[in-house]
Amino acid sequence: MITRRSLMTGLAALGFCGSSVGAYAFGIEPRFMLDVTRYQMTPDGWPKGLHLRLAILADIHAGDPYMPLDRIAEIVARTNAQDADAILLLGDYSSRLRWVTREISSDEFARTVAGLKAPLGVHAVLGNHDWWDDPITQTQRKGPPAARRALERVGIPVYENDAVRLDKAGQPFWIAGLGDQIAFRLGKVRGRQQFLGVDDLPGTLAEISDREPIILMAHEPDIFPDVPKRVSLTVSGHTHGGQVRIAGYSPIVPSAFGNRYAYGHVIEDGRHLIVSGGLGCSKLPVRFGVPPEIVVVDLGEPSSSPRSHSLSPV
């Protein structure tokens, strides 16, 4: 029999659990946790003997108190410790989150991530917030945004429908970067927000001058259905894994495809996509079941031979 006392005790326990979960989701997971998530794969047609390790950072959303400069410096140090051949930055470096107590300028952010080091360099694309949070860019309907200028000032190349040919131990491959797919906000039509992108997938792939494997950086994963099998791996961010993810399901995902491209390693028709859960927060400073992560991808089988690298921009 349920007595008034047992009912009140149960409600109190439920309230305590709810407040504990809320405290964890707002105060612990987004601010203090940092995972390293690893994937290993050998895509179809991947060159035998080529082992490539990529470290991937997405959706940093710099700004106090959830992503201060010392937190970014910690991410830089942890990333450098992964022994990656190349480091890929997938966009959304800025934050206009209403909970931000101090905005971090593009130059402050760039000077901090300039500490990232890898034999084959650091390569970046921009995300939608890097365009949206630059009012001049939005007004003029053209770039480059402040985030791009700041990263290039510290020597980090930013790709907008561009590609670079790299070489590890005499084996070449390409890294390509797609322009953002929702760079400009155009207003609403029948209550739905309209966007204009600066992406050009055919133009990006036209930069590739041979049949060597391609790694494609695309901030939003929604481009993936259009990516040909010619691309060995597409890497994306943007979704934050939904920021709340329970038993492999994210209730809210900023993608036209819902949970299809919400998080993790997706294989469709023999094509590979990895969607990072990212590092920062958007809209609400909450994470539950999808802690901030550095993604490390190993392509091909590891080799015991010494490293040799070179790169040639296109």
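The values are calculated or read from the model by the stated rules, or taken from the named source; none is laboratory data. Given the structure is predicted, the values throughout are model-derived calculations rather than measurements. Here Cβ is always computed from backbone atoms with ideal geometry, including for glycine, and neighbour counts include all displayed protein chains.
Pairs are defined by a Cβ separation below 7 Å, a sequence spacing of at least 6 or placement on different chains, a first member in region 244-265 that is in the same structural domain as Gln193 (by TED's automatic domain parsing) and touching a residue at least 40 places away in the same chain (Cβ under 8 Å), and a second member that is of a type in the set (Asp, Glu) and surrounded by 13 or more Cβ atoms within 10 Å (Cβ to Cβ); the pairs so defined are Tyr261/Asp222.
Scanning region 121-159 for residues that are in a loop (DSSP other than H, G, I, E, B) and either surrounded by 20 or more Cβ atoms within 10 Å (Cβ to Cβ) or among the small types (Gly, Ala, Ser) (or both) yields Gly121, Val125, Leu126, Gly127, Asp133, Asp134, Gly143, Pro145, Gly155, Tyr159. Scanning region 273-294 for residues that are of a type outside the set (Lys, Arg) and out of contact with any Asp or Glu (no Cβ under 9 Å at 6 or more places or on another chain) yields Leu273, Ile274, Val275, Leu284, Pro285. Residues in region 68-94 that are hydrophobic (A, V, I, L, M, F, W, C) and in contact with a Leu (Cβ under 9 Å, 6 or more places away or on another chain): Ile72, Ile75, Val76, Ala84, Ala86, Ile87, Leu88, Leu89, Leu90. Taken over region 160-174, the residue count meeting the criterion of being over 18 Å from Gly91 (Cα atoms) and either part of a loop (DSSP other than H, G, I, E, B) or in contact with a Cys (Cβ under 9 Å, 6 or more places away or on another chain) (or both) is 2.
Looking at region 183-204, which of its residues are in contact with a strand residue (DSSP E or B) (Cβ under 7 Å, 6 or more places away or on another chain) and either surrounded by fewer than 21 Cβ atoms within 10 Å (Cβ to Cβ) or not small (Gly, Ala, Ser) (or both)?
Listed by number, the residues that qualify are Phe184, Arg185, Leu186, Gly187, Lys188, Gln193, Gln194, Phe195, Leu196, Thr204.
Only one entry in Gly45, Gly91 is in the same structural domain as Pro285 (by TED's automatic domain parsing) and over 17 Å from the mean Cα position of the chain (by Cα), namely Gly45. Confirm whether Val100 is surrounded by 15 or more Cβ atoms within 10 Å (Cβ to Cβ) and more than 18 Å from Ser282 (Cα to Cα). Considered against the rule, which asks whether it is surrounded by 15 or more Cβ atoms within 10 Å (Cβ to Cβ) and more than 18 Å from Ser282 (Cα to Cα), Val100 comes out as no. Tallying residues that are assigned to a strand (DSSP E or B) and either among the basic types (Lys, Arg) or at negative phi (or both) within region 260-282 yields 9. Would you check if Asp92 is assigned to a helix (DSSP H, G or I), within 16 Å of Ala183 (Cβ to Cβ) and not aromatic (Phe, Trp, Tyr)? Considered against the rule, which asks whether it is assigned to a helix (DSSP H, G or I), within 16 Å of Ala183 (Cβ to Cβ) and not aromatic (Phe, Trp, Tyr), Asp92 comes out as no.
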